[in-house]
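*Asks:* Got a structure here, written out as structure tokens. Questions coming.
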Number of protein chains: 2
Amino acid sequence: MKLSILSLGDHLPDPLTGARIPQHQRIGELMQLGVLADGLGFRGFHLGEHHVCDYIVSNPVPLLAAVAARTRAVRLSTGVTLLANRDPVLVAEDYALLDLISGGRAELVAGRGNAFFECYRQMGQDIARSRELFEANLDLLLRLWGDGPVSSDGETRPPLDQAVVQPRPLQSPHVPVWIGGGSSEDSVRLAVRYGLGLQLPGVFAAAPHFASLARLYRELWHEAGWSHAPKVGFTAHVHVRQDGQDARTFWEPYHLAYLDWVWGMIADGSRGALPRPPPAGAERAFADPVKAPALCGSPDEVAGRLAAWSEVLGGIDVMLLKIDGGGLPFGEVRQVAELLAREVAPAVAGC
Amino acid sequence: MKLSILSLGDHLPDPLTGARIPQHQRIGELMQLGVLADGLGFRGFHLGEHHVCDYIVSNPVPLLAAVAARTRAVRLSTGVTLLANRDPVLVAEDYALLDLISGGRAELVAGRGNAFFECYRQMGQDIARSRELFEANLDLLLRLWGDGPVSSDGETRPPLDQAVVQPRPLQSPHVPVWIGGGSSEDSVRLAVRYGLGLQLPGVFAAAPHFASLARLYRELWHEAGWSHAPKVGFTAHVHVRQDGQDARTFWEPYHLAYLDWVWGMIADGSRGALPRPPPAGAERAFADPVKAPALCGSPDEVAGRLAAWSEVLGGIDVMLLKIDGGGLPFGEVRQVAELLAREVAPAVAGC
């Protein structure tokens with residue numbers, strides 16, 4: 001298991017002080033976090049994408065490009081790229097450019113973001129068609145990164161007529177794409193159809209919930225006869241301190257501030273389609289050693305849960321750790337990153 | 001007059017050797033050029049934007065963000081941002097993010113790119129409506145950067161309903177916008193209406209051609225009663241060497257290779273609407289001291305022509321110098337930048 005850092009780019013006040021840092025400081029700290037991820041040897045640095053809401057990273061690419069300019073090895077990716085909401089021509093262009101800027105370190109996790117009704121509404125799209133839009137755009141994206149000119153029928157964007165987009169990705173055959181999803185078998189089948197990695201959304205539930213999907217993904221992968229290996233990614237909110245009880249006490253207000261904010265925003269955006277307050281059970285918890293989807297504790301406790309999850313999922317290739325947000329001061333984020341790199345990463349490297 | 005560096009991101013072989021560097025090297029050299037522009041004290045570093053053609057910079061923002069991460073003072077801008085072809089919501093987001101990444105150094109020169117028929121065609125847009133699309137998107141962009149939620153009628157993108165885009169620009173009132181244009185008085189009137197700078201496309205003709213537009217811009221500006229100053233920018237292909245004749249002899253094959261390529265591409269994209277070969281007169285020349293739109297010669301010759309242009313235009317606030325492209329090796333580009341900074345910039349600073 002390799003560890004990567006994920007930020008979703010929320011911009012909340014510190015719940016203990018009520019103070020909120022300026023946006024440019026938050027963005028600057030995200031750049032520092034990417035540099036830190038590189039320096040500490042994390043596999044990747046992932047950023048989320050959100051539109052017309054209170055998250056402040058609307059496009060991961062420019063921020064990843066800035067991090068690329070200051071780093072050497074860390075892979076630069078997303079969580080998720082809203083592929084249903086963007087023109088795949090511009091996605092093909094932007095991530096290829098990032099690939100060139102970073103010397104071949106770009107990746108993307110493509111997702112539907114189908115909890116975010118408001119984004120679809122302001123983009124003039126029907127969220128009920130999100131899967132259809134997503135699959136059509138994924139197909140077009142991969143064709144645009146393939147060989148030769150591309151024509152398309154205009155299903156989700158104006159028709160293309162023998163189009164060749166520039167620049168071309170540095171990596172071959174293209175910038176690695178992962179399917180970010182796992183609410184149903186559809187995501188699994190889609191990832192297998194195109195031979196892509198599967199990034200499971202562990203923030204919504206702990207690993208056991210996704211075990212059958214991971215198994216199905218690997219079974220279908222082998223049936224499909226792909227010669228390259230399947231890749232399973234998982235995701236969690238994480239906080240770690242030397243003393244596990246200290247971690248839980250310290251982190252609780254930050255974690256709950258984030259969850260309450262994001263669920264409230266999603267529920268409001270859904271205009272009644274999703275409940276407010278949302279399901280307040282498992283996804284808020286981080287003390288339950290089996291059911292909690294968040295990881296919080298000492299390095300040993302966190303490493304132990306990661307190892308258990310890996311077993312449940314038949315192996316985790318890449319684990320995305322969301323360690324910032326909810327107003328957590330950057331000094332704390334830095335300490336968590338350092339502790340994860342020093343004590344957790346080596347402990348789970350063989351899982 | 002302040003000098004800035006512009007690249008359009010073409011990717012041509014060296015006409016002397018026929019060899020073409022890989023795309024990632026070209027992109028890396030553009031990043032180096034931005035860093036050089038900062039180190040040498042140029043006002044700005046500008047990048048062009050092109051879609052579905054053989055230019056390889058499809059979005060200036062990620063590349064400018066990478067340059068921002070390695071620089072301290074240079075302003076990061078475009079030439080031009082294709083505002084008619086992009087969703088203004090995403091433009092508002094991307095340039096605000098660049099503004100935050102760069103600590104308030106983002107600008108943009110918004111243009112129609114209305115020579116590029118192929119881009120409009122592949123974006124499913126009618127180039128005959130380019131001005132209408134451009135003006136509607138400009139209006140929406142500036143409203144999105146203003147105070148309060150924005151609603152729109154869906155003229156050029158799906159309707160917005162009380163939308164607030166994030167992040168917010170660092171600069172106040174917003175990221176500076178220039179109107180890139182000058183083929184008619186419409187651009188001038190548009191710039192004045194919104195209190196924006198005017199970036200004249202000097203690559204198409206020398207300064208005298210634009211004198212009446214610059215005069216009109218300043219007249220209308222004062223009539224409009226804006227309290228801030230009008231800003232006139234101008235643009236040229238430039239090559240400078242210590243010996244003027246040496247400059248002309250050395251540069252000719254690179255300059256003509258670029259012009260032939262770009263005019264050929266534009267003519268082909270227009271499918272007969274524009275002639276091929278295009279008007280081959282003044283815009284190819286760089287030896288004529290009055291009519292040539294390109295600047296080529298010794299530092300004294302180049303500074304002299306810039307001073308004369310400034311007089312003709314009633315002052316040039318920012319002069320964009322396109323010094324790369326056409327396959328010119330980066331070592332040569334670097335020497336031109338250094339000579340411009342050392343000998344031309346001081347000579348024209350008071351113009």
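The values are calculated or read from the model by the stated rules, or taken from the named source; none is laboratory data. Since the structure is predicted, the reported quantities are computational estimates derived from the model, not experimental observations. All Cβ positions, even for glycine, are placed from backbone atoms using ideal geometry, and neighbour counts span all protein chains on display. Please note that ligands, DNA and RNA were not included when accessible areas were found on the heavy atoms of the full protein model with its side chains. Shrake-Rupley method; radii C 1.70, N 1.55, O 1.52, S 1.80 Å.
*Asks:* Please grab the % of Cα pairs in the protein assembly as shown that end up more than 41 Å from each other. The partial results should precede the final answer.
*Replies:* Numbers: 73980 of 246051 pairs.
Of all Cα-Cα distances in the protein assembly as shown, 30 percent exceed 41 Å.
*Asks:* With only alpha-carbon atoms in the gyration tensor, what are the semi-axes of the equivalent ellipsoid for the range B:281-345, in Å, largest first?
*Replies:* For the range B:281-345, the semi-axes come out at 20, 16, 10 Å.
*Asks:* Which residue fluctuates the most in chain A, going by a Gaussian network model with Cα springs under 10 Å, if the choices are A:33, A:142, A:198?
*Replies:* A:142
*Asks:* Another question, if that's okay. Estimate for me the total accessible surface buried between chains B and A (protein heavy atoms, probe 1.4 Å, no ligands or nucleic acids), in Å² to the nearest 100. Can you show the working numbers first?
*Replies:* On the way: alone 14380 and 14360 Å², together 25070 Å².
Heavy-atom accessible area buried at this interface is about 3700 Å².
*Asks:* Through the Karplus equation 6.51 cos²θ - 1.76 cosθ + 1.60, θ set to phi - 60°, convert the phi angles of the range B:310-323 into ³J(HN,Hα) values in whole Hz; use x for Gly and Pro.
*Replies:* My calculation for the range B:310-323 gives 4, 5, 4, 8, x, x, 10, 6, 10, 10, 8, 10, 8, 10 Hz in order.
*Asks:* When all C-alpha to C-alpha distances in the range B:216-351 are sorted into bins of 10 Å, what percent of pairs does each bin hold, rounded to whole numbers?
*Replies:* The calculated distribution, bin by bin, is 11, 36, 30, 19, 4.
*Asks:* For residue A:11, what residues show an amide H to amide H distance below 5 Å, using hydrogens built from the backbone and excluding near sequence neighbours?
*Replies:* A:56
*Asks:* Output, in nm with one decimal and in ascending order, the distances from the residue A:155 label point to the matching label points of the other copies (7 Å from Cα along Cα-to-Cβ).
*Replies:* Nearest to farthest, the other copies are at 3.4 nm.
*Asks:* What residues does the range B:97-131 have that are buried by at least 20 Å² of accessible area in the full protein assembly compared to the chain on its own, 1.4 angstrom probe?
*Replies:* Output list: B:97, B:100, B:101, B:121, B:122, B:123.
*Asks:* P(r) for the range A:46-106, please, calculated from all Cα pair distances in 10 Å bins and given in %.
*Replies:* Each 10 Å bin holds this share of Cα pairs: 23, 55, 20, 1.
*Asks:* Give, as ranges by residue number, the residues of the range A:301-317 whose backbone N falls under 20 Å from the point 7 Å along Cα→Cβ of residue A:211.
*Replies:* A:302-317
*Asks:* Follow-up. Given a 1.4 Å probe and every protein chain left where it sits, what share in percent of the accessible area of the range B:174-230 is carbon and sulfur?
*Replies:* It is 54 percent, rounded to a whole number.
*Asks:* Just the number please: accessible area per residue for the range A:86-201, 1.4 Å probe, all protein chains included, in Å². Don't skip to the end; give the middle numbers.
*Replies:* Details: 3750 Å² over 116 residues.
Ligands and nucleic acids excluded, the result is 32 Å² per residue.
*Asks:* Which angle between 0 and 90 degrees, to the nearest 10, do you get for helix B:211-224 versus the longest principal axis of chain B when only C-alpha atoms count?
*Replies:* 30
*Asks:* Antiparallel as a % of all DSSP beta bridges within the protein assembly as shown, to the nearest 5?
*Replies:* Expressed as a percentage, antiparallel bridges in the protein assembly as shown total about 5.
*Asks:* Right, something else. In nm, what does the list of distances from residue A:193 to its counterparts in the other copies look like, shortest first, when each label sits 7 Å along Cα to Cβ?
*Replies:* So the label point of residue A:193 gives 4.5 nm to the other copies.
*Asks:* From the helices alone, meaning DSSP H stretches of at least four residues, give me the mean residue ellipticity at 222 nm for chain B, per-run term -39500 (n - 2.57), in deg cm²/dmol to the nearest 500.
*Replies:* Result for chain B: -12500 deg cm²/dmol, rounded to the nearest 500.
*Asks:* Shifting gears a bit: Working only with C-alpha atoms, what are the Rg and Dmax values of the range A:198-281, expressed in angstrom?
*Replies:* Radius of gyration, then largest Cα-Cα span, for the range A:198-281: 17.6, 48 Å.
*Asks:* Determine the share of the range B:55-136's accessible area contributed by carbon and sulfur atoms, expressed in whole percent, with a 1.4 angstrom probe. Before the final figure, lay out the partial values.
*Replies:* Numbers: 880 of 1850 Å².
Carbon and sulfur: 48 percent of the exposed surface of the range B:55-136.
*Asks:* Continuing with this model, one more query. For residue A:287, place a label point 7 Å from Cα along the Cα-to-Cβ direction in every copy; what are the distances to the other copies, in nm, shortest first?
*Replies:* 8.7
*Asks:* Report the Stokes-Einstein translational diffusion coefficient (µm² s⁻¹, integer) for chain B, Rh taken as the Kirkwood radius over Cα pairs, at 10 °C with viscosity 1.306 mPa s.
*Replies:* So the translational diffusion coefficient is about 78 µm²/s.
*Asks:* Let me ask something else about it. Looking at chain A as a GNM with Cα springs under 10 Å, which of A:150, A:336, A:80 has the largest mean-square fluctuation?
*Replies:* Of A:150, A:336, A:80, the Gaussian network model singles out A:150 as fluctuating most.
*Asks:* Taking chain B as a Gaussian network, where each spring joins two C-alpha atoms under 10 Å apart, which residue of B:44, B:113, B:304 fluctuates the most?
*Replies:* Result: B:304 has the largest fluctuation of those listed.
*Asks:* Using Cα centres only, tell me the gap between the range A:146-189 and the range B:227-251 in whole Å.
*Replies:* 41
*Asks:* Taking every DSSP beta bridge with both residues inside chain B, roughly what % is antiparallel (nearest 5)?
*Replies:* Looking only at bridges with both residues in chain B, the antiparallel portion is about 5 percent.
*Asks:* Per-residue HN-Hα couplings for the range B:292-299, Karplus 6.51 cos²θ - 1.76 cosθ + 1.60 at θ = phi - 60°, whole Hz, x for Gly and Pro?
*Replies:* For the range B:292-299, the Karplus-derived couplings read 5, x, 9, 9, 8, x, 6, x Hz, x marking Gly and Pro.
*Asks:* Show me, bin by bin at 10 Å from 0, the whole-percent P(r) of the range B:1-136 based on Cα pairs.
*Replies:* Per 10 Å bin, starting at zero, the Cα-Cα P(r) for the range B:1-136 comes out as 12, 40, 33, 14, 1 percent.
*Asks:* Hey, can you grab everything whose amide H is under 5 Å from the amide H of residue B:180? Only 5+ residues off in sequence or another chain; H modelled, so Pro and N-termini drop out.
*Replies:* Excluding prolines and chain starts, which carry no amide H, the hits are B:110, B:111, B:199.
*Asks:* Also: How large is ³J(HN,Hα), in whole Hz, for each residue of the range B:118-134 in order, when computed from phi with the Karplus curve 6.51 cos²θ - 1.76 cosθ + 1.60 and θ = phi - 60°, using x for Gly and Pro?
*Replies:* My calculation for the range B:118-134 gives 4, 4, 4, 5, 6, 8, x, 10, 8, 5, 5, 9, 4, 5, 4, 4, 4 Hz in order.
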